[in-house]
1. On average, how much accessible surface per residue is there in the chain, in Å², for a 1.4 Å probe, leaving out ligands, DNA and RNA?
2. Could you tell me the convex hull volume per residue, in Å³, taken over the Cα atoms of the chain?
3. Find which of Ala85, Gly128, Leu40 sits farthest along the positive direction of the dipole of the chain, computed with +1 on the beta-carbon of Lys and Arg, -1 on that of Asp and Glu, about the Cα centre.
4. Provide the packing ranking of 100-109, 21-30, i.e. peptides ordered by the mean count of other C-beta atoms within 10 Å per residue, highest first.
5. Starting at the first residue of region 65-74, write each ³J(HN,Hα) from the Karplus equation 6.51 cos²θ - 1.76 cosθ + 1.60 with θ = phi - 60°, in whole Hz, x for Gly and Pro.
6. What angle, in degrees between 0 and 90 and rounded to the nearest 10, separates the Cα long axis of helix 42-51 from the longest principal axis of the Cα atoms of the chain?
7. What does the charge dipole of the chain about its Cα centre add up to, to the nearest 20 debye, if the Cβ of each Lys and Arg holds +1 and the Cβ of each Asp and Glu holds -1?
8. Any idea which of Gly28, Gln145, Leu113 is furthest toward the positive side of the dipole for the chain, if Lys and Arg beta-carbons carry +1 and Asp and Glu beta-carbons -1?
Amino acid sequence: LLEVKRLEVEVGHSRLEIKGTVDNRRGGTRVDLDVPPATLAGDDLALLLALTGVAPGVVIEASEPIHMSGSVKGEMSPRWNVAVAGEVVVAGISFQHPSMTRPLESVYGTLVLKTDGFEVKKFAAKIGASDVSGTLSVKDLDAPQVRFELASKSADFMELMSIMEPDPAPAAGAGGAPAGPSMLTRLRANGKLAIADGSFGTLRFSSLTS
């Protein structure tokens, strides 16, 4: 049994503290590790997400510090059965995943990490000139199942819908194996979007719920 009383890990310009236990006494490896509340710069959070394999390629820019805490508990070998939990509080950040055509800007909210996905509480962001706020949750990051309840004071409907990158068309005569499905193809979403004042191309509308 290895007891980790305090281990400091540098992530970019930030430091995280880890404490807990690593147990190898029963022919396997079990961990019970906690990350106490810490403060990170935005680019350091992006680096942490890439290093852990949670979200490689994500770009995060933040003028305000990001606050986080978390835990990793469970069996790492001979089989992987690990529960990941945590909380990340952001204020005014810019976030862009490789599958997105443009970033989410002025993002506020509390991200609650779970083993099979995450939930965002008190969420607010801008997509271009459009604003959205509310709650959303994502399960199964390989084939995301998204549930949401969002509202917008002012929005361009096409702008909101165009944030995800569509599947690229195959080049004529291109050889090799076809590319796997994009994030947009795998994503399944269900929820409610209410727009108080919006547009759809040249059409103006108000009080739209979809």
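The values are calculated or read from the model by the stated rules, or taken from the named source; none is laboratory data. All of these numbers come straight from a predicted model, not from anything done at the bench. We place every Cβ from the backbone using ideal geometry, glycine too, and count neighbours over all the protein chains shown. Side chains are part of the model used for accessible areas, which takes the heavy atoms of the whole protein and leaves out ligands, DNA and RNA. Shrake-Rupley method; radii C 1.70, N 1.55, O 1.52, S 1.80 Å.
1. Working: 12860 Å² over 210 residues.
Roughly 61 Å² per residue, with all protein chains present.
2. Values: hull volume 30.1 nm³, N = 210.
Enclosed volume per residue, from the Cα hull, is 144 Å³.
3. Ala85
4. Values: 100-109: 16.5, 21-30: 12.4.
Descending packing order for the listed peptides: 100-109, 21-30.
5. For region 65-74, the Karplus-derived couplings read x, 10, 9, 8, 8, x, 7, 10, 9, x Hz, x marking Gly and Pro.
6. With rounding to tens, the tilt is 70 degrees.
7. Values: 21 positive and 25 negative charges, 121 e Å.
Dipole about the Cα centre, nearest 20: 580 debye.
8. Gly28
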